[in-house]
Amino acid sequence: MDVERIRADFPILRRSFHGHPLVYLDSAATSQKPKSVLEAESRFYSETNANVHRGVYALSVEATDAYEAARERVARFVHAKDPSEVVFVRGTTEALNLVATSLGRSHLHRGDHVLTTVMEHHSNIVPWHFLREQMGIEIDFLDIDANGRLRLDELDRLLGPKTKVVSLTHASNVLGTVNPVREIADRAHAVGAVVVVDAAQSAPHRPIDVAALGADLLAFSGHKVLGPMGIGVLWGRADLLARMPPASGGGEMIQEVHQDRVSYREPPARFEAGTPNVAGAVALSAALDYLEGVGWEEIAAHERALYLHARKQATRRFEGRLRIYGPTEANDRHDVISFALAKVHPHDIATLLDADGIAVRAGHHCCQPLMERLEVPALTRSSPYIYNTEAEVDLLFDGLEKVAKVFA
Ligand SMILES: Cc1ncc(COP(=O)(O)O)c(C=O)c1O
């Protein structure tokens, strides 16, 4: 993989901060965008912009065709059986809220259980809390072991006839753990539960196959896969989506509206009330083309190398003073590393690194239950992507050595 050639496609990587070239290591929060994605979005607005599914005039038909072509592109990416299984949303957060609201209205009753895990992002916890508050469902949390892997030995105890939904992340945004979704899905299906997968942190790193994962519903965000902000995907199994009521009401999702009744269109239109982010969908399609052009195997090999390099640097330069959380084994994780440096608060680390142009994230990473479980107030996280180099990982560790000296 020619990282320098890839870097040349990302205009933002030419920027400098505080006199240093930007070292962007926060791609788990949002990825940077290649020129092809920026151009696809801008081309839509300069050449094709019209509202979709409404006009009979040629421009509107073109815009609709572009939007539906993007749906087909995403369907290919997740290996959907049909493009109608792809619902465009704003992002993973909106997708998971849609799922909880809709299942809350159709599948769940007071006393039912939703099983999730302690490593979830808040967007896969808070929507279930809404249902706990509104209708009295109960939320169970699958624990992790000392290596940051899910405790599958606890599953039998937690899965029961009352478990109606199992909602879990494919990959952790903090620990980097890649979860054995298929195994969990099989066991969830054995008790009749619906399986919801948060693929926000896996879609950037590997191709998604919804059937192979055993997912019933799956969500990811465009902005983490080189696409724009404000576009994301909810994929759902056709027969399940057909039984789910809408979560938002408005234009384009209805069949008929009268003073005393309303009926809804078939999916995906049923779940896409109002004007969608058409330019975002078109640009997301360009982003998936870009990633596929680089090649998933190349991406995996590159990220593995970056991870192993970071591990080596951590051991060589810090020994026990820098602790990386999550699985050690490269096969069980992707390349995000969250760490604690003895006696230094993560916010101080991130602030000092910023002075060298290095962008990392510090905080609870929208995973407060996980922070509680790990008994840390916060962690620092470096999340590289296809455009990062081993030299940048070295700069990160140079910066961390400086931080350690300042606080010595
Ligand atoms: C695992 C995981 N799930 C969900 C989200 C929420 O994604 P978004 O903010 O794009 O809706 C994130 C974002 O960081 C995440 O890492």
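Note on segment 132-186: residues that are charged (D, E, K, R), out of contact with any Gly (no Cβ under 7 Å at 6 or more places or on another chain) and not in a strand (DSSP E or B) amount to 11.
I'd like to know if segment 221-240 contains one or more residues that are within 14 Å of the ligand (Cβ to nearest atom), part of a strand (DSSP E or B) and closer than 22 Å to residue 327 by Cβ.
No - not one qualifying residue is present in segment 221-240.
Just a yes or no: is a residue in segment 80-103 assigned to a helix (DSSP H, G or I), modelled with pLDDT of 95 or more and open to solvent by 80 Å² or more (accessible area, probe 1.4 Å)? So far as segment 80-103 goes, no, none of its residues is assigned to a helix (DSSP H, G or I), modelled with pLDDT of 95 or more and open to solvent by 80 Å² or more (accessible area, probe 1.4 Å).
Looking across segment 85-100, the residues that are β-branched (Val, Ile, Thr) and either within 11 Å of the ligand (Cβ to nearest atom) or more than 25 Å from residue 179 (Cα to Cα) (or both) come down to 89, 92, 93.
Taking first residues from segment 109-127 that are within 16 Å of residue 192 (Cα to Cα) and open to solvent by 20 Å² or more (accessible area, probe 1.4 Å) and partners that are within 16 Å of the ligand (Cβ to nearest atom) and aromatic (Phe, Trp, Tyr), no Cβ contact under 9 Å between residues at least 6 apart in sequence or on separate chains turns up. Pairing each residue of segment 318-342 that is part of a loop (DSSP other than H, G, I, E, B) with any residue that is acidic (Asp, Glu) and surrounded by 21 or more Cβ atoms within 10 Å (Cβ to Cβ), provided the two are 6+ apart or on different chains, yields C-beta distances under 7 Å for 334/303; 335/303. Selection over segment 187-216 of residues that are in contact (Cβ under 8 Å) with a residue 40 or more places away in the chain and in a helix (DSSP H, G or I) gives a count of 5.
Contact annotation: no residue pair with Cβ atoms under 6 Å, 6 or more positions apart or on different chains, pairs a residue in segment 90-106 that is within 23 Å of residue 279 (Cβ to Cβ) with a partner that is among the acidic types (Asp, Glu) and assigned to a helix (DSSP H, G or I). Are any residues in segment 196-224 buried (at least 24 other Cβ atoms within 10 Å of the Cβ) and hydrophobic (A, V, I, L, M, F, W, C), and if so, which ones? Listed by number, the residues that qualify are 196, 197, 199, 200, 203, 215, 217, 218, 219, 220. Considering only segment 208-231, how many residues are over 26 Å from residue 190 (Cα atoms) and either among the basic types (Lys, Arg) or touching a His at 6+ places or on another chain (Cβ under 8 Å) (or both)? Looking only at that region, the number is 4. Please go through segment 167-194 and give me each residue that is among the hydrophobic types (A, V, I, L, M, F, W, C) and more than 16 Å from the ligand (Cβ to nearest atom), ordered by number. Listed by number, the residues that qualify are 185, 188, 190, 191, 193, 194.
Regarding residue 9, is this residue within 16 Å of the ligand (Cβ to nearest atom), open to solvent by less than 70 Å² (accessible area, probe 1.4 Å) and at pLDDT 95 or above? Answer is no for this residue.
The values are calculated or read from the model by the stated rules, or taken from the named source; none is laboratory data. None of these values were measured; they are calculated from a predicted model. Counting neighbours? That spans all protein chains shown, and the Cβs are built from the backbone with ideal geometry, glycine included. To get the accessible areas, we keep the full protein, side chains included, count just its heavy atoms, and leave off ligands, DNA and RNA. Shrake-Rupley method; radii C 1.70, N 1.55, O 1.52, S 1.80 Å.
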